[in-house]
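One structure below.
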Amino acid sequence: MSDGSGLGRRILAIPFWYLNRRFATLQDHLDGRMAVLDDRLERMEGGFATDPAFAERAAPALRGLPLARVGPETAATINWAVGHEGFSAQAGLWFNPAVNVQLRPASAELVAVNERIVEVPFAMGVAAELPQGSHVVDIGSAESTVALSLASLGLHTTALDPRGYPLGHTLLDVVEEGLFDWRGPSEPLDGVFCVSTIEHLGLRAYSQPGGRDGGDREAMELFLRWLRPGGLLALTTPYGRAETTDFERTYDDARLAALLEGFEVLDQRVYRRAGALQWEPAPASSADWPDGQDGVVLVKARRR
């Protein structure tokens with residue numbers, strides 16, 4: 001009767017050189033499989049730009065892909081796909097987030113917090129002062145959830161933007177026109193919300209025709225005409241050293257005061273960027289504002 005010792009003697013009799021060769025063969029096989037996987041990932045990362053049908057063939061390989069295996073091209077492609085020029089944006093369904101996260105090779109990173117982090121809460125605070133059933137308009141609604149929030153809070157809301165507005169609500173009406181083309185509301189408004197919009201009006205931003213150097217002041221005259229006496233304005237815009245580019249204006253104290261003629265300012269707050277991921281209260285004076293400092297001013301005002 002065997003006690004198994006014979007099998008042990010036979011295993012020990014196998015030459016070490018043979019075992020080493022077998023292990024080396026196994027290692028070569030594993031290295032080859034990894035090389036094939038790396039090659040497939042590299043071809044997948046580069047194929048999106050060269051073959052329109054490649055994405056459909058390669059997409060299933062991304063499902064279940066560990067973050068550690070994400071390379072630079074895959075990260076860049078996914079960042080583009082979910083960004084302001086990507087697929088959702090092309091369908092008009094991209095909503096500018098306050099917190100921006102991007103993929104990096106083998107990692108994900110918080111890269112920026114924009115001014116929406118203070119603008120939207122401020123606007124909602126103004127909205128909270130209006131009784132349910134009030135009539136308001138949100139200027140430049142696209143890429144924002146502000147109009148939907150206003151309607152959800154019980155305010156009859158008009159979303160005004162030539163790009164349209166994809167979100168719906170029983171208290172939400174969409175006007176797909178430019179500000180200067182709209183005939184205006186059918187009855188006086190209780191509130192006007194102009195969040196990160198006044199600085200672009202009349203310029204060539206967002207495919208506008210441009211050529212209206214005083215478009216911001218023209219817009220404010222319209223707001224005064226549309227609001228009932230005592231109606232509220234929630235306005236947010238870039239703040240700091242006065243400047244005008246093709247894309248936007250930045251307002252200093254004097255420029256802002258001129259913009260708000262006809263309104264009684266009830267609350268005015270200034271915030272500045274303090275690093276990529278933080279905004280903080282700032283002195284409400286542009287006199288000593290540093291060059292290149294990002295700032296935003298938040299205004300609650302009432303039609304006189």
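The values are calculated or read from the model by the stated rules, or taken from the named source; none is laboratory data. What you see is a predicted model; the values in this text were computed from it and never measured. Counting neighbours? That spans all protein chains shown, and the Cβs are built from the backbone with ideal geometry, glycine included. Heads up: the accessible areas ignore ligands, DNA and RNA and are worked out on the full protein's heavy atoms, side chains in. Shrake-Rupley method; radii C 1.70, N 1.55, O 1.52, S 1.80 Å.
Mind listing just one residue for me: the one in the stretch 223-252 that is within 27 Å of the chain's Cα centre (by Cα) and among the small types (Gly, Ala, Ser) and, of those, most open to solvent (accessible area, probe 1.4 Å)? Break it down into steps so the answer makes sense when it comes.
Residues of the stretch 223-252 that are within 27 Å of the chain's Cα centre (by Cα), as a first pass: 223, 232-252.
Keeping just the survivors that are among the small types (Gly, Ala, Ser) gives 234, 240, 242.
Numbers: 234: 2, 240: 1, 242: 56 Å².
Among residues in the stretch 223-252 that are within 27 Å of the chain's Cα centre (by Cα) and among the small types (Gly, Ala, Ser), the one most open to solvent (accessible area, probe 1.4 Å) is 242.
Specify which of the listed residues (151, 123, 98) is under 30 Å from residue 222 (Cβ atoms), surrounded by 19 or more Cβ atoms within 10 Å (Cβ to Cβ) and touching a helix residue (DSSP H, G or I) at 6+ places or on another chain (Cβ under 8 Å). It would help to see each step written out before you state the result.
Numbers: 151 fails: touching a helix residue (DSSP H, G or I) at 6+ places or on another chain (Cβ under 8 Å); 98 fails: surrounded by 19 or more Cβ atoms within 10 Å (Cβ to Cβ).
Just a single option satisfies the conditions, and that option is 123.
Given the structure, is residue 269 over 23 Å from residue 221 (Cβ atoms), open to solvent by 60 Å² or more (accessible area, probe 1.4 Å), touching a residue at least 24 places away in the same chain (Cβ under 8 Å) and part of a strand (DSSP E or B)?
Numbers: over 23 Å from residue 221 (Cβ atoms): yes; open to solvent by 60 Å² or more (accessible area, probe 1.4 Å): yes; touching a residue at least 24 places away in the same chain (Cβ under 8 Å): yes; part of a strand (DSSP E or B): yes.
Here the answer is yes, as residue 269 does meet what is asked.
Pick out the one residue from 108, 49 that is more than 15 Å from the chain's Cα centre (by Cα) and modelled with pLDDT under 80. Please lay out each step first, then the result.
Numbers: 108 fails: modelled with pLDDT under 80.
Every option except 49 fails the conditions.
Which condition number in (1) farther than 25 Å from residue 92 by Cβ; (2) free of Cβ contacts under 8 Å to residues at least 60 places away in the same chain; (3) open to solvent by 60 Å² or more (accessible area, probe 1.4 Å); (4) in contact with an Asp or Glu (Cβ under 8 Å, 6 or more places away or on another chain) is the one that residue 220 fails?
Going through the list (1) farther than 25 Å from residue 92 by Cβ; (2) free of Cβ contacts under 8 Å to residues at least 60 places away in the same chain; (3) open to solvent by 60 Å² or more (accessible area, probe 1.4 Å); (4) in contact with an Asp or Glu (Cβ under 8 Å, 6 or more places away or on another chain), residue 220 breaks only (3).
Report every pair of residues separated by at least 6 positions or lying on different chains whose Cβ atoms are under 8 Å apart, first residue within the stretch 280-304 and on the phi < 0 side of the Ramachandran plot and in a loop (DSSP other than H, G, I, E, B), second modelled with pLDDT under 95 and open to solvent by 70 Å² or more (accessible area, probe 1.4 Å).
286/241; 289/241; 291/241
Of the residues that make up the stretch 172-191, is at least one in a helix (DSSP H, G or I) and not polar (S, T, N, Q)?
Of the stretch 172-191, the ones in a helix (DSSP H, G or I) are none.
For the stretch 172-191, residues in a helix (DSSP H, G or I) and not polar (S, T, N, Q): absent.
Report whether or not residue 141 is open to solvent by less than 10 Å² (accessible area, probe 1.4 Å), hydroxyl-bearing (Ser, Thr, Tyr), under 25 Å from residue 91 (Cα atoms) and in contact (Cβ under 8 Å) with a residue 12 or more places away in the chain.
Details: open to solvent by less than 10 Å² (accessible area, probe 1.4 Å): yes; hydroxyl-bearing (Ser, Thr, Tyr): yes; under 25 Å from residue 91 (Cα atoms): yes; in contact (Cβ under 8 Å) with a residue 12 or more places away in the chain: yes.
Here the answer is yes, as residue 141 does meet what is asked.
Suppose the filter is surrounded by 15 or more Cβ atoms within 10 Å (Cβ to Cβ), in contact (Cβ under 8 Å) with a residue 12 or more places away in the chain and farther than 30 Å from residue 245 by Cβ; does residue 166 pass it?
On the way: surrounded by 15 or more Cβ atoms within 10 Å (Cβ to Cβ): yes; in contact (Cβ under 8 Å) with a residue 12 or more places away in the chain: yes; farther than 30 Å from residue 245 by Cβ: no.
Considered against the rule, which asks whether it is surrounded by 15 or more Cβ atoms within 10 Å (Cβ to Cβ), in contact (Cβ under 8 Å) with a residue 12 or more places away in the chain and farther than 30 Å from residue 245 by Cβ, residue 166 comes out as no.
For the stretch 253-266, give me each residue that is open to solvent by less than 40 Å² (accessible area, probe 1.4 Å) and in a loop (DSSP other than H, G, I, E, B). If you could, list the steps in order and put the result at the bottom.
Of all residues in the stretch 253-266, those open to solvent by less than 40 Å² (accessible area, probe 1.4 Å) come to 256, 259-260, 262-263.
Those that are open to solvent by less than 40 Å² (accessible area, probe 1.4 Å) and in a loop (DSSP other than H, G, I, E, B): 260, 262.
Answer yes or no as to whether residue 211 is in a loop (DSSP other than H, G, I, E, B) and modelled with pLDDT under 95.
In short, yes.
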